[in-house]
Amino acid sequence: MSQCSQAEFQVTGRMVFVGLVAFFGVVLGVNAIMIHAAISTFGGVETESSYRAGLAFAREAATVAAQDARHWTVTAKAAIEGNATVVEVTARDPSGQPLSNLAAAALLVHPTDRRADHAVPLVSQGGGHFRGTTAARAGQWDLVIELSRDDERLFRSKNRVWLP
């Protein structure tokens, strides 16, 4: 029988200490990187006052309920005619009669570039019909229509339109 001397592997206190320091060092390093990435890319504030935003939402919900209770029929058409974009809006009451004494406003909102938005001044043509022009280019737009009387908004809609 030959005798080989093999050194036995032993876990020492120093090895445990170095392993624990290395483990927690990696965890702290990764956390520091993630915290820096989170803070540098998002400030954390989506609204200045969530309380005021909640109140505004409650007012908007009441306005929408009042709008639905009116049962108005409002149709809109947007089309490019020559060098101009024409927006036409027709508003009727539940019995189909034209609505009168209303002020109308329209806005063509570009879905990806607010700089391209166009306010469309609508002029009453009588009989609940409004018409306005602007110089919007072809593409997808959100058409926002508001009808008001005595500075009180009575109707608002937002619809996606395609201008060929």
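The values are calculated or read from the model by the stated rules, or taken from the named source; none is laboratory data. The shown structure was predicted, so the numbers you read here are calculated from the model rather than taken from an experiment. Backbone-built Cβ (ideal geometry, glycine too); neighbour counts: all protein chains shown.
Residues of segment 121-164 that are in contact (Cβ under 8 Å) with a residue 12 or more places away in the chain, among the β-branched types (Val, Ile, Thr) and within 25 Å of Ser100 (Cα to Cα): Thr133, Thr134, Val144, Ile145. Contact annotation: residue pairs with Cβ atoms under 6 Å, 6 or more positions apart or on different chains, pairing a residue in segment 47-71 that is farther than 19 Å from Leu147 by Cα with a partner that is surrounded by 11 or more Cβ atoms within 10 Å (Cβ to Cβ), are Thr47/Ala53.
Of the residues that sit in segment 48-78 and are assigned to a helix (DSSP H, G or I) and of a type in the set (Asp, Glu), which one is surrounded by the most Cβ atoms within 10 Å (Cβ to Cβ)?
Glu60
Return the residue satisfying two criteria in turn: it lies in segment 85-110 and is exposed (fewer than 13 other Cβ atoms within 10 Å of the Cβ) and among the small types (Gly, Ala, Ser), and of such residues it is modelled with the lowest pLDDT. Once the filter is applied, the top-ranked residue is Ser100.
Kindly check whether there is at least one residue in segment 39-47 that is modelled with pLDDT of 95 or more, surrounded by 10 or more Cβ atoms within 10 Å (Cβ to Cβ) and among the aliphatic types (A, V, I, L, M). Give the derivation first.
Of the residues in segment 39-47, the ones modelled with pLDDT of 95 or more are none.
Checked segment 39-47: no residue is modelled with pLDDT of 95 or more, surrounded by 10 or more Cβ atoms within 10 Å (Cβ to Cβ) and among the aliphatic types (A, V, I, L, M).
For segment 111-130, indicate whether the set of residues that are farther than 22 Å from Ala79 by Cβ and either exposed (fewer than 11 other Cβ atoms within 10 Å of the Cβ) or in contact with a helix residue (DSSP H, G or I) (Cβ under 6 Å, 6 or more places away or on another chain) (or both) is non-empty.
Just the residues of segment 111-130 that are farther than 22 Å from Ala79 by Cβ, to begin with: 114-115.
Now drop any that are not either exposed (fewer than 11 other Cβ atoms within 10 Å of the Cβ) or in contact with a helix residue (DSSP H, G or I) (Cβ under 6 Å, 6 or more places away or on another chain) (or both), which leaves 114-115.
Yes - at least one qualifying residue is present in segment 111-130.
If you take the residues in segment 1-38 that are outside any helix (DSSP H, G or I) and either hydrophobic (A, V, I, L, M, F, W, C) or at pLDDT 95 or above (or both), which one is surrounded by the fewest Cβ atoms within 10 Å (Cβ to Cβ)? For segment 1-38, the residue satisfying everything is Met1.
Sort out for me the strands (runs of 3 or more DSSP E) sitting completely within segment 79-164 that have 1 or more residues that are over 25 Å from Val64 (Cα atoms) and aromatic (Phe, Trp, Tyr). I'd like the intermediate steps shown before the answer.
On the way: elements: 84-92, 103-109, 118-121, 123-126, 129-134, 139-149, 152-163.
Output list reads 152-163.
Within segment 78-97, the set of residues being of a type in the set (A, V, I, L, M, F, W, C) and closer than 17 Å to Ser157 by Cβ comprises Ala78, Val87, Val89, Ala91.
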